[in-house]
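Some notes on the structure that comes next.
The values are calculated or read from the model by the stated rules, or taken from the named source; none is laboratory data. Quantities reported herein were computed from a predicted structural model and do not represent experimental measurements. When we count neighbours, we look across all protein chains shown, and the Cβ atoms used for this are built from the backbone with ideal geometry, even at glycine. Accessible surface areas use protein heavy atoms only, side chains included; no ligands, DNA or RNA. Shrake-Rupley method; radii C 1.70, N 1.55, O 1.52, S 1.80 Å.
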Amino acid sequence: QVQLVESGGGLVQAGGSLRVSCAASGRTFSSYRMGWFRQAPGKEREFVAHINWSGGSTDYADSVKGRFTISRDNAKNTVYLQMNSLKTEDTAVYYCAATKFRTTTPHLYDYWGQGTQVTVSS
(Lines give C-alpha, C1' and ligand atoms only; values in the text may rest on other atoms or scores of the structure.)
Protein backbone atom coordinates (compact mmCIF):
# COMPACT_ATOMS: atom_id res chain seq x y z
CA GLN A 1 0.00 0.00 0.00
CA VAL A 2 1.30 3.44 -0.94
CA GLN A 3 -0.25 6.74 0.11
CA LEU A 4 0.65 9.83 -1.89
CA VAL A 5 0.35 13.48 -0.88
CA GLU A 6 1.11 16.30 -3.32
CA SER A 7 2.19 19.79 -2.33
CA GLY A 8 3.72 22.90 -3.81
CA GLY A 9 1.00 24.03 -6.16
CA GLY A 10 0.00 27.65 -6.43
CA LEU A 11 -0.39 30.70 -8.63
CA VAL A 12 2.46 31.73 -10.93
CA GLN A 13 2.80 34.08 -13.87
CA ALA A 14 3.39 32.81 -17.36
CA GLY A 15 7.09 32.24 -17.94
CA GLY A 16 7.67 31.47 -14.28
CA SER A 17 8.65 28.31 -12.47
CA LEU A 18 7.13 26.08 -9.84
CA ARG A 19 8.09 22.79 -8.24
CA VAL A 20 5.47 20.37 -7.00
CA SER A 21 6.30 17.48 -4.70
CA CYS A 22 4.71 14.16 -3.90
CA ALA A 23 5.49 12.49 -0.60
CA ALA A 24 4.86 8.77 -0.34
CA SER A 25 4.28 6.64 2.70
CA GLY A 26 5.30 3.02 2.94
CA ARG A 27 8.57 1.18 2.61
CA THR A 28 7.85 0.04 -0.95
CA PHE A 29 8.13 3.46 -2.62
CA SER A 30 11.41 2.62 -4.34
CA SER A 31 9.81 -0.42 -6.01
CA TYR A 32 7.30 1.75 -7.86
CA ARG A 33 7.64 3.76 -11.01
CA MET A 34 6.07 7.19 -10.53
CA GLY A 35 4.11 9.45 -12.81
CA TRP A 36 2.65 12.92 -12.89
CA PHE A 37 -0.69 13.62 -14.55
CA ARG A 38 -2.80 16.73 -14.82
CA GLN A 39 -6.44 17.54 -15.35
CA ALA A 40 -7.80 20.88 -16.47
CA PRO A 41 -11.48 21.80 -16.05
CA GLY A 42 -13.64 20.05 -18.61
CA LYS A 43 -10.76 17.94 -19.90
CA GLU A 44 -9.61 14.39 -19.38
CA ARG A 45 -6.69 13.55 -17.16
CA GLU A 46 -3.51 13.59 -19.21
CA PHE A 47 -0.03 12.16 -18.79
CA VAL A 48 2.76 14.60 -17.98
CA ALA A 49 5.86 12.67 -16.93
CA HIS A 50 7.11 9.28 -15.72
CA ILE A 51 10.21 8.10 -13.88
CA ASN A 52 11.57 4.63 -13.21
CA TRP A 53 12.61 3.13 -9.87
CA SER A 54 16.12 4.53 -9.79
CA GLY A 55 15.41 7.83 -11.48
CA GLY A 56 17.65 6.93 -14.36
CA SER A 57 14.91 6.80 -16.98
CA THR A 58 12.23 9.39 -17.64
CA ASP A 59 9.45 10.01 -20.16
CA TYR A 60 7.58 13.20 -20.93
CA ALA A 61 4.52 14.35 -22.81
CA ASP A 62 5.46 16.33 -25.90
CA SER A 63 3.66 19.37 -24.50
CA VAL A 64 6.06 19.64 -21.54
CA LYS A 65 9.29 18.21 -22.97
CA GLY A 66 12.17 20.60 -22.41
CA ARG A 67 10.24 22.62 -19.81
CA PHE A 68 9.39 20.09 -17.07
CA THR A 69 11.71 17.74 -15.20
CA ILE A 70 10.65 14.78 -13.09
CA SER A 71 12.97 13.48 -10.40
CA ARG A 72 12.82 11.37 -7.26
CA ASP A 73 14.61 10.96 -3.97
CA ASN A 74 14.05 7.43 -2.69
CA ALA A 75 15.69 8.24 0.65
CA LYS A 76 12.98 10.84 1.21
CA ASN A 77 10.17 8.85 -0.45
CA THR A 78 9.48 11.86 -2.64
CA VAL A 79 9.01 12.55 -6.33
CA TYR A 80 9.24 16.03 -7.80
CA LEU A 81 8.07 17.86 -10.87
CA GLN A 82 10.05 20.98 -11.70
CA MET A 83 8.07 23.16 -14.08
CA ASN A 84 9.80 25.96 -15.95
CA SER A 85 8.64 28.37 -18.66
CA LEU A 86 5.08 27.83 -17.54
CA LYS A 87 2.23 28.62 -19.91
CA THR A 88 -1.40 29.41 -19.20
CA GLU A 89 -2.33 26.08 -20.76
CA ASP A 90 -0.38 24.32 -17.99
CA THR A 91 -3.12 25.36 -15.56
CA ALA A 92 -4.58 22.18 -14.04
CA VAL A 93 -4.76 20.00 -10.98
CA TYR A 94 -1.55 17.96 -10.88
CA TYR A 95 -1.61 14.42 -9.56
CA CYS A 96 1.17 11.99 -8.76
CA ALA A 97 0.62 8.28 -9.12
CA ALA A 98 2.46 4.99 -8.62
CA THR A 99 2.69 2.05 -11.00
CA LYS A 100 4.67 -1.13 -11.61
CA PHE A 101 4.74 -0.47 -15.37
CA ARG A 102 6.42 1.91 -17.76
CA THR A 103 3.18 3.46 -18.96
CA THR A 104 1.38 6.71 -19.72
CA THR A 105 -2.07 5.14 -19.21
CA PRO A 106 -3.85 6.36 -16.07
CA HIS A 107 -5.74 3.15 -15.31
CA LEU A 108 -2.46 1.24 -15.05
CA TYR A 109 -1.44 3.31 -12.04
CA ASP A 110 -2.34 1.70 -8.73
CA TYR A 111 -2.16 4.61 -6.31
CA TRP A 112 -3.02 8.29 -6.66
CA GLY A 113 -2.62 11.43 -4.62
CA GLN A 114 -5.37 13.97 -4.05
CA GLY A 115 -3.88 16.53 -6.41
CA THR A 116 -2.49 20.04 -6.13
CA GLN A 117 -3.75 23.04 -8.10
CA VAL A 118 -1.36 24.87 -10.40
CA THR A 119 -2.63 28.10 -11.93
CA VAL A 120 -0.62 30.04 -14.50
CA SER A 121 -1.77 33.60 -15.12
CA SER A 122 -1.10 35.63 -18.24
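In table form, for the structure just shown:
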item: Of T28, T91, T103, the one that fluctuates the most in a GNM where the chain has Cα springs shorter than 10 Å; result: T28
item: Lys, Arg +1 and Asp, Glu -1 on Cβ, resulting dipole of the chain about Cα centre, debye, nearest 20; result: 240 debye
item: Value of D in µm² per second that Stokes-Einstein yields for segment 10-122, Kirkwood Rh from Cα pairs, at 10 °C (1.306 mPa s); result: 113 µm²/s
item: Karplus-derived HN-Hα couplings along segment 89-101 (A = 6.51, B = -1.76, C = 1.60, θ = phi - 60°), whole Hz, x at Gly and Pro; result: 6, 7, 4, 4, 8, 9, 10, 9, 8, 10, 8, 9, 10
item: Burial ranking of peptide ranges 111-117, 94-100 (average Cβ count within 10 Å, highest at the top); result: 94-100, 111-117
item: Descending Cα extents along the principal axes, segment 10-60, whole Å; result: 35, 24, 22
item: Summed residue charge, Cβ within 15 Å of V118's Cβ, Lys/Arg positive, Asp/Glu negative; result: +2
item: Within segment 1-48, trypsin sites (Lys or Arg not before Pro) in DSSP loop having at most 13 other beta-carbon neighbours inside 10 Å; result: R27, K43
item: Qualifying GluC sites (Glu not before Pro) for segment 1-91 [loop in DSSP, other Cβ within 10 Å: at most 12]; result: E44
item: Choice from F101, F68, F47 with maximal GNM fluctuation in the chain (Cα, 10 Å cutoff); result: F101
item: Surface share of carbon and sulfur [accessible, 1.4 angstrom probe, percent] for the chain; result: 47 percent
